[in-house]
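A.B. asks: Below you will find the structure I want to go over with you.
The values are calculated or read from the model by the stated rules, or taken from the named source; none is laboratory data. Here the structure is a predicted model, which is why all the values come from computation and not from measurement. Don't worry about glycine lacking a Cβ; one is built from the backbone with ideal geometry, like all the others, and counts go over all protein chains shown.
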Amino acid sequence: MVAAFTAALLASAWLAVAAWGNRHSPTPVGPAKDRRPKPAPSPSYDTQPYGQPPAYDQSQPGPSQGYPDNSAPQSSAPQESAPQMSTGQS
Amino acid sequence: MNELSRTFGCFGGSVSIRVSDEAGERAAAAALHRAELQLRMVHGRLTRFEATSELSRLNADPRRAVPASALLLELAAAVRWAGLVSDGLVDATCLGALERAGYGDSRADAEGLDPESFRAAAGSLEPRPASPDAAAHWRSVGVDREHGMVARPPGVMIDGGGLAKGLAADLLGRRLAAAHETFALDAAGDLLLGGSAPRARTVVVRDPFGGRPLRELRLARGALATSGITHRSWLRDDSTLGHHLIDPGRGEPAWTGLLQVTALAPTALEAEVRAKAALLSGPEGAAHHLPDGGVLVHASGEAEEVAGPLTERAVAAAA
């Protein structure tokens, strides 16, 4: 008897809360499936390393360890000399 | 094929881009225009010196997880990666210490200390290798690419700094390498070279106090970055040496006995991280952080070359 009363009380309370929620919904209420909350962002953030940074021109690896051969341009056509560059603190 | 070039101010310095395109000069000119727009966009979003930049808004956001653009996700991932590969020395979450050291505002137009003032300020310091921060806040920076979110404890702030510059160079370099015969990008002292038919170029390493060039290298593709403590140096209120490379363990500007380090690497981001890690390690530990080679400049001004796969070939070609 008590259990049935409690269940009925909870059910009516839930209906009241749901009705209040619908009245105060800031957006039009769509079909039931659309009212489901969107899944929260995954709590498991990527903790893996950044990964191998993008390597350039991987299609033309150098002669060893995959590094480019800087001793000469890899083009079959001769290249003009390029202007000198410099590296330093900014 | 002639290269066209374009020079403009960005990343707190001067940026120069050179491109050649087999389709002709109009195609190269269009590529340069797009490249400038891209770099300015990256800088605008990732600078900490503009309160409205995406990075500044992230740093001010009280939420633990914050929606982020693909670019900010890349920077957050780079923060973690930099911490991992540098054993915690390149810690982009030391922004509070950086501001306390006197680098709260951009010093793009400020002159560094002259050699005499710098040596006088550094002379009273005992050189010692930097150490990682035990709290390692960089480990708390999380990236959720699926939902486009960056997470970190509120109050942990990120300094884009050199990471943003390296990231921007790599993003642009990927595009230029795929579409153009040659390209050379000088992003405020950090270089990225390549293309489908790259040219060997002479690259000189500048002196930390503006003296004669220290070394000459030959490279066709790859990256170089230089990090140092003389160009952006100042005297703090207590007349001690101030600069922008923080020892994470002490939360103070580092003095390791090195003035400047140039690192070679396959990418600009890696070169940037390697150079900083080597400088923070000091003369004894620097080589460990330069797997592709580099150039150290000691407190005495003496330059020392660290051999690696890239430098060996570069030096051989220059000989």
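A.B. asks: Can you list residue pairs whose Cβ atoms sit under 7 Å apart, with the first residue in segment B:158-173 being more than 9 Å from chain A (Cβ to nearest Cβ) and the second being of a type in the set (Lys, Arg)? Count only pairs 6 or more apart in sequence or on different chains.
C.D. replies: B:Asp159/B:Arg48; B:Gly160/B:Arg48
A.B. asks: Within segment B:190-203, is even one residue buried (at least 21 other Cβ atoms within 10 Å of the Cβ), touching a residue at least 12 places away in the same chain (Cβ under 8 Å) and within 15 Å of B:Lys276 (Cβ to Cβ)?
C.D. replies: So far as segment B:190-203 goes, yes, one or more of its residues are buried (at least 21 other Cβ atoms within 10 Å of the Cβ), touching a residue at least 12 places away in the same chain (Cβ under 8 Å) and within 15 Å of B:Lys276 (Cβ to Cβ).
A.B. asks: Turning to a different aspect of this structure: Taking interchain pairs and intrachain pairs at least six residues apart, which have beta carbon atoms under 8 angstrom, with the first residue in segment B:42-65 and free of Cβ contacts under 8 Å to residues at least 12 places away in the same chain and the second basic (Lys, Arg) and surrounded by 18 or more Cβ atoms within 10 Å (Cβ to Cβ)?
C.D. replies: B:Ser53/B:Arg45; B:Ser56/B:Arg48
A.B. asks: Tell me, which residue of segment B:1-12 that is within 17 Å of the chain's Cα centre (by Cα) and of a type in the set (A, V, I, L, M, F, W, C) is surrounded by the fewest Cβ atoms within 10 Å (Cβ to Cβ)?
C.D. replies: Within segment B:1-12, the match that is surrounded by the fewest Cβ atoms within 10 Å (Cβ to Cβ) is B:Cys10.
A.B. asks: Name the helices (runs of 4 or more DSSP H) wholly within segment B:1-88 that hold at least 2 residues that are more than 20 Å from B:Arg139 (Cα to Cα)?
C.D. replies: In segment B:1-88, the matching helices (runs of 4 or more DSSP H) lie at B:25-46, B:54-60.
A.B. asks: Which residue out of B:Thr230, B:Thr182 is polar (S, T, N, Q), in contact with a strand residue (DSSP E or B) (Cβ under 8 Å, 6 or more places away or on another chain) and within 7 Å of chain A (Cβ to nearest Cβ)?
C.D. replies: Within the list B:Thr230, B:Thr182, the selection yields B:Thr230.
A.B. asks: Then there is this: Within segment B:236-252, which residues are among the small types (Gly, Ala, Ser) and in contact with a Cys (Cβ under 8 Å, 6 or more places away or on another chain)?
C.D. replies: B:Gly251
So that you can scan it fast, the table gives a plain yes or no per residue for (1) within 13 Å of chain A (Cβ to nearest Cβ); (2) surrounded by fewer than 24 Cβ atoms within 10 Å (Cβ to Cβ); (3) within 19 Å of B:Trp138 (Cβ to Cβ):
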{"site": "B:Ser239", "(1), (2), (3)": "no, yes, no"}
{"site": "B:Leu245", "(1), (2), (3)": "yes, no, yes"}
{"site": "B:Gly249", "(1), (2), (3)": "no, yes, yes"}
{"site": "B:Ala303", "(1), (2), (3)": "yes, yes, no"}
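This table checks each residue for (1) hydrophobic (A, V, I, L, M, F, W, C); (2) touching a helix residue (DSSP H, G or I) at 6+ places or on another chain (Cβ under 9 Å); (3) closer than 22 Å to B:Arg80 by Cα.
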| residue | (1), (2), (3) |
| --- | --- |
| B:Ser239 | no, yes, no |
| B:Pro248 | no, yes, yes |
| B:Glu252 | no, yes, yes |
| B:Thr256 | no, yes, no |
| B:Gln260 | no, yes, no |
| B:Leu264 | yes, yes, yes |
| B:Ala268 | yes, yes, yes |
| B:Arg274 | no, yes, yes |
| B:Gly285 | no, yes, yes |
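A.B. asks: Can I ask one more? Is it true that some residue in segment B:13-30 is within 17 Å of A:Met85 (Cβ to Cβ) and surrounded by fewer than 16 Cβ atoms within 10 Å (Cβ to Cβ)?
C.D. replies: Yes, that holds for at least one residue.
A.B. asks: Sticking with this one: Looking at B:Ala151, B:Ala200, can you tell me which residue is at the interface with chain A (Cβ under 7 Å from one of its Cβ atoms), at pLDDT 95 or above and over 18 Å from the mean Cα position of the chain (by Cα)?
C.D. replies: Criteria check complete, one pass: B:Ala151.
A.B. asks: If only one of B:Leu89, B:Leu58, B:Leu72 is within 30 Å of B:Leu241 (Cα to Cα), of a type outside the set (Gly, Ala, Ser) and more than 10 Å from chain A (Cβ to nearest Cβ), which one is it?
C.D. replies: Unique residue meeting the criteria: B:Leu89.
A.B. asks: Within segment B:80-113, can you find the residues that are surrounded by fewer than 19 Cβ atoms within 10 Å (Cβ to Cβ) and without any contact (Cβ under 8 Å) to a residue 60 or more places away in the chain?
C.D. replies: B:Leu84, B:Glu99, B:Gly104, B:Asp105, B:Asp109, B:Glu111
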